[in-house]
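Structure first, then comments.
The values are calculated or read from the model by the stated rules, or taken from the named source; none is laboratory data. Treat the numbers as computed from the prediction; the structure is a model and nothing was measured. Remember, those area values only see protein heavy atoms, side chains included, never the ligands or the DNA or RNA. Shrake-Rupley method; radii C 1.70, N 1.55, O 1.52, S 1.80 Å.
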Amino acid sequence: KEALNQLYTEERRAKAEIAQARAVLAAEKEEIIKEKAVLSGKVDIAEAIKINYMEVQGYQVKDDGKTKEKSKAKDINMLRTCFLTETNIVAKGGEQEFYIRIIDPVGETIADSNGRAGVLTNKLDDTQVMYTTSGPVDYQNEDTRGCISLSLSEKLTKGIYDVEIYNNGFMVGKGDFKLK
């Protein structure tokens, strides 16, 4: 009987040690998961391709498809946003999607008439951002020029328009342009 009691006590002690070890491992696992999330966020930021230079130009597209540069809001039915990226050796080479948000003088986001507008999540502050249009750019880890055009269904108004460019869920460029 005494041998069985001793065996039972040792068994309980071993189970308690195992339970304590499990609790320690669970706490360590939780810390690793949190650290992984932080590091993943840093990698996402590092992979975002920043913009060095941006220019928005208004065009009038004729019925025959020819385009002519215009600066008066009433004459414009297409905007083309061209930009120059920075070199980013962390980002994956290949086709990268850039999202452009154009905000009119009243503060409203313009929507693409071709259905390329949408909503993205800004990973920096986890907010929803409506964007105007998007398009791919062939990026090969070096300074790259990209242009994304926007066909307009409605006439623009005079004033200063703000432009934001997003890549990989982060704002990577910001500027403005003025229409007469």
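Miscellaneous remarks
- In the chain, the calculated helix contribution to ellipticity at 222 nm averages -9500 deg cm²/dmol per residue, counting -39,500 (n - 2.57) for every DSSP H run with n ≥ 4.
- The mean accessible area for residues of region 74-180, using a 1.4 Å probe and ignoring ligands and nucleic acids, is 53 Å² per residue.
- Using alpha-carbon coordinates, inclination of helix 2-47 to the longest axis of the chain, degrees: 10
- Calculated volume of the Cα convex hull per residue in Å³ (choose from [x] 123; [y] 160; [z] 171), label: [y]
- Under 26 Å from the Cα of residue 155 - lysines, other chains or at least 8 residues apart: 62, 66, 68, 70, 72, 74, 174, 178, 180
- For the options 38, 137, 90, a Gaussian network treatment of the chain with springs between C-alpha atoms closer than 10 Å singles out 38 as fluctuating the most.
- One Cα centroid belongs to region 67-90, the other to region 163-180; the line between them spans 11 Å.
- When the chain is treated as a Gaussian network with alpha carbon springs shorter than 10 Å, the biggest mean-square fluctuation among 22, 145, 12 belongs to 12.
- Max mean-square fluctuation residue, GNM over the chain, Cα-Cα springs under 10 Å, options 21, 117, 46: 21
- Fraction of accessible area attributable to carbon and sulfur, the chain (%, probe 1.4 Å): 50
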